Amino acid sequence: MEFIHEPVLLQEVLEWMDVKPDGVYCDGTLGGGGHSGAMLHLSGGTATLYGIDRDMTAIEAATARLREFPGFHALHGNFHDGKALLMAAGAPKLDGVLLDLGVSSPQLDRGERGFSYHEDAPLDMRMSQQGETAADLVNTASREELARILRDYGEEPYAWQIAGHIVEARETAPIETTLQLADIVASAMPPAERRKNKNPSRRTFQALRIAVNHELDALEEGLDTIFDHLAPGGRLCVITFHSLEDRLGEKNKFRRWSTACTCPPEFPVCVCGGKAKAKLITRKPIEADKQELEENRRSRSAHLRVLEKL
């Protein structure tokens, strides 16, 4: 399958990124290069853009797709290490950074990657295709640890019950495929919940994907390093797809960067002398319009926030 990722909120990103000719940009979650290609086209092909991705399949696909642009540079790695990757590539300060924290469509759609609960495949879920798989995790973690992962990363109300069914099932045979796991999750749900919820495995698969790829472990640190490499006036655009990313990552971080005073609220006057590092460009998250919602189902939970460095 060709690696083609339909970018969400594309027009909104192009509008709020304020792409300029000869500007320097970073797409920290490159994917198939959809957002990057549009930004380069908008610049008239004169911008420099560094695309970062941990998935070599994405790197290869985007490099082939964007080969017409001499200013495109693909960097293999994680945006959590963005500043180090950019400095190693000799990148100057950036006029804009995009982070699309969703999973690329090809990763979800290719059964062999093990992200989907709709078709049977090895239970993998690794974005980088290196390290521990989801199968390794569900077959070795304790019930307590599995329940914590499902609760913290999936906001799953039946986390303890599902974890118990997983531990019980693996005593008979290892859990190796996506549909095996989906059946176990469904069996742990009350009948009324199964009737009400068409996809009872969604939260469990989300939680395991986040845990396997350590998506939230260094999110705040990654945002710090990327923000540090922005030039004054540079914009940071972040697209999130679930409340954990929004709450643990850029929502709180954006608020802190754009707040001058850090004194406790009970102080009658400011004594910290703090200065805001950035200003919020979007007070509320930007969502997909009606047309995109109809054309791209993965845009339904997408939220875009934009901040400008002072």
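Tabulated data for the structure shown
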{"quantity": "Nearest 10 degrees, 0 to 90: helix 219-228 Cα axis against the chain principal axis", "calculated": "10 degrees"}
{"quantity": "Given charges at beta-carbon only (K, R positive; D, E negative), |dipole| of the range 153-310 in Debye", "calculated": "680 debye"}
{"quantity": "Placed amide H near A89: partners under 5 Å, 5+ positions off or other chain", "calculated": "none"}
{"quantity": "0 to 90° range, to nearest 10: angle between helix 159-172 axis and the chain longest Cα axis", "calculated": "50 degrees"}
{"quantity": "Of the trypsin sites (Lys or Arg not before Pro) in the range 34-97, those whose Cβ has at most 11 other Cβ within 10 Å and which sit in DSSP loop", "calculated": "R67"}
{"quantity": "Exposure rank, largest accessible area first [H303, H118; 1.4 Å]", "calculated": "H118, H303"}
{"quantity": "Cut-off under 5 Å, modelled amide H: who pairs with Y25 long-range", "calculated": "T48, L49, Y50, D95"}
{"quantity": "In Hz, Karplus ³J(HN,Hα) per residue of the range 181-187 (6.51, -1.76, 1.60; θ = phi - 60°; x = Gly, Pro)", "calculated": "5, 4, 5, 5, 4, 4, 5"}
{"quantity": "Modelled FRET efficiency - R0 22 Å, E145 with N199, Cβ distances, 0.05 increments", "calculated": "0.40"}
{"quantity": "Centroid-to-centroid separation of the range 264-303 and the range 122-139 [C-alpha atoms, Å]", "calculated": "33 Å"}
{"quantity": "From phi via Karplus (6.51, -1.76, 1.60), per-residue ³J(HN,Hα) for the range 266-272 in Hz, x at Gly/Pro", "calculated": "7, 5, x, 9, 6, 10, 7"}
{"quantity": "Dipole axis of the chain (+1 Lys, Arg; -1 Asp, Glu on Cβ), positive-most option in M39, P232, V13", "calculated": "P232"}
{"quantity": "Largest-first ellipsoid semi-axes for the range 1-94, taking √(5λ) over the Cα gyration tensor eigenvalues, angstrom", "calculated": "18, 17, 12"}
{"quantity": "Gain upon complete extension [Q130, K277; 0.36 nm per residue less C-alpha separation]", "calculated": "49.3 nm"}
{"quantity": "Check: the range 154-226 dipole with +1 on Lys, Arg Cβ and -1 on Asp, Glu Cβ, in debye", "calculated": "620 debye"}
{"quantity": "Among beta bridges that DSSP assigns inside the chain, antiparallel share in %, nearest 5", "calculated": "40 percent"}
{"quantity": "Relative contact order (%) - the chain, alpha-carbon pairs under 8 angstrom, separation at least six", "calculated": "18 percent"}
{"quantity": "Under-5 Å amide H pairs with T177, H placed in peptide plane, nonlocal only", "calculated": "L123"}
{"quantity": "Cleavage-rule hits (trypsin sites (Lys or Arg not before Pro)) in the range 143-239: DSSP loop, at most 12 neighbouring Cβ within 10 angstrom", "calculated": "K198"}
{"quantity": "Label corresponding to Cα extents along the principal axes in Å when calculated from the structure given, among [x] 69, 48, 31; [y] 59, 58, 40; [z] 53, 41, 40", "calculated": "[y]"}
{"quantity": "Charged-residue dipole, Cβ positions (Lys, Arg, Asp, Glu), the chain about Cα centre, Debye nearest 20", "calculated": "980 debye"}
{"quantity": "Mean Cβ count within 10 Å, highest first, over the residues of peptides 266-279, 122-135", "calculated": "122-135, 266-279"}
{"quantity": "Folded to 0 to 90 degrees: helix 56-65 orientation relative to the chain principal axis, Cα", "calculated": "50 degrees"}
{"quantity": "In Å², nearest 10: area of W257 left accessible to a 1.4 Å probe", "calculated": "10 Å²"}
{"quantity": "Largest to smallest accessible area among L216, L179 [probe 1.4 Å]", "calculated": "L179, L216"}
{"quantity": "GNM top mover of D246, D289, D228 - the chain, alpha-carbon springs below 10 Å", "calculated": "D289"}
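The values are calculated or read from the model by the stated rules, or taken from the named source; none is laboratory data. Because the structure is predicted, anything quoted here is derived from the model rather than measured. All Cβ positions, even for glycine, are placed from backbone atoms using ideal geometry, and neighbour counts span all protein chains on display. Heads up: the accessible areas ignore ligands, DNA and RNA and are worked out on the full protein's heavy atoms, side chains in. Shrake-Rupley method; radii C 1.70, N 1.55, O 1.52, S 1.80 Å.
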